[in-house]
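Notes follow the structure.
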Amino acid sequence: MADGGLTVRFWGVRGSIACADPAMMRYGGNTSCVEVRCGDRLIILDAGTGLKPLGEALAAMGAATGAPVEADLLLSHTHLDHVTGLPFFRPAFDPGNRLRLWAGHLYPIRRLREVLAGLMAPPLFPVPLDIFRAIIAYEDFRAGEELPLGGGIAVRTAPLNHPNGATGYRIAYGGRSVCYITDTEHREGQRDPAILDLAAGADLMIYDSTYTDAEYPLYRGWGHSTWEEGVRLAEAAGVGQLAIFHHDPNHDDSFMDGVATAAAQARPGTIVAREGLELTL
């Protein structure tokens, strides 16, 4: 990846639960994890099962170059499909690496470190959070605040409509921007002004498109949106390109091919995210 640019790579695009079904392998079965490179800075969006293959790639790169892994990991929220890759993230076990983990949906009621420690504890997990050897900072904030990442990187946040809370992110660097808006449930016939503001004019919007409009009535209250709503939001916010994301675990490759065709007809340039897809903004 070239220094000075903003690039996005998808390591996990599935929602709710990882899928090993051969009928889902073209788009991918790993849950949410997106790599964002701002020049030589690494930002990771969510820690679903896609974090494991990303970690393997980072560890191999570190072994080849001798450079430590330094990353900011921005969590949308702490439901299992968005954090279950963390205990298997190889860079977290290397004392030469530095990681900052951020969450905006817990404070001031809970703390991120406390929640992750509860995940990696009996009877749910065999080893504790303290098994990690990297230098790790756990950063809590309130969704809506800006994050001080430095290095010319601007990170804005907004609260999302999801059970137990979630946070959307806008990362801007070098005159380009990407929005990550998952998991969130739209309000029919309305646009959330906070999300509209977050996404306004973004070059790329990665959006929770778990359902179709036809499926949505069966899942009201689950905290997810539709690809058609993603199209409507992208139009309203003047987004450059929409990436359909957080695919329902019941939607196989054939179904997603149909979504890709319909979405591209509804808004030319719209793409369906798949594992391994890399975009340079």
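The values are calculated or read from the model by the stated rules, or taken from the named source; none is laboratory data. Values in this document were obtained by computation on a predicted structure and should not be read as measured data. Heads up, the Cβs are rebuilt from the backbone with ideal geometry, glycines too, and the neighbour counts pull from every protein chain shown.
Here are some notes:
- Evaluating residue 208 against the criteria (1) crowded, with 21+ Cβ neighbours inside 10 Å; (2) of a type in the set (D, E, K, R); (3) in contact with a helix residue (DSSP H, G or I) (Cβ under 7 Å, 6 or more places away or on another chain) leaves one unmet condition, (3).
- Considering 173, 138, the condition of being under 18 Å from the mean Cα position of the chain (by Cα) and touching a residue at least 60 places away in the same chain (Cβ under 8 Å) is satisfied by 173 alone.
- In region 211-236, the qualifying residues are those that are out of contact with any His (no Cβ under 8 Å at 6 or more places or on another chain) and aliphatic (A, V, I, L, M), and the one that is surrounded by the most Cβ atoms within 10 Å (Cβ to Cβ) is 234.
- Checking 32, 76 one by one, the residue that is out of contact with any Lys or Arg (no Cβ under 9 Å at 6 or more places or on another chain), closer than 20 Å to residue 211 by Cβ and touching a residue at least 12 places away in the same chain (Cβ under 8 Å) is 76 and no other.
- Just one of the listed residues (131, 109) is without any contact (Cβ under 8 Å) to a residue 12 or more places away in the chain, surrounded by fewer than 18 Cβ atoms within 10 Å (Cβ to Cβ) and of a type in the set (Val, Ile, Thr), namely 109.
- Wholly enclosed helices (runs of 4 or more DSSP H) of region 7-124 bearing at least 2 residues at pLDDT below 95: 51-65
- Any hit, region 214-234, residues being out of contact with any Asp or Glu (no Cβ under 7 Å at 6 or more places or on another chain) and in contact (Cβ under 8 Å) with a residue 60 or more places away in the chain: no
- Residue, nearest to residue 225 (Cα to Cα), within region 1-57, restricted to residues that are touching a Ser or Thr at 6+ places or on another chain (Cβ under 6 Å) and of a type in the set (Lys, Arg): 14
- Residue check, residue 281 under 25 Å from residue 25 (Cα atoms) and either crowded, with 24+ Cβ neighbours inside 10 Å or touching a strand residue (DSSP E or B) at 6+ places or on another chain (Cβ under 7 Å) (or both): no
- Applying the condition of being in contact with a Ser or Thr (Cβ under 8 Å, 6 or more places away or on another chain) and farther than 22 Å from residue 16 by Cα to region 149-191 and asking which residue is surrounded by the most Cβ atoms within 10 Å (Cβ to Cβ) yields 171.
- Filtered residue count, region 35-52, keeping only those that are farther than 19 Å from residue 177 by Cα and free of Cβ contacts under 8 Å to residues at least 60 places away in the same chain: 5
- Residue within region 260-267 that is out of contact with any His (no Cβ under 7 Å at 6 or more places or on another chain), within 19 Å of residue 77 (Cβ to Cβ) and not in a loop (DSSP other than H, G, I, E, B) present: no
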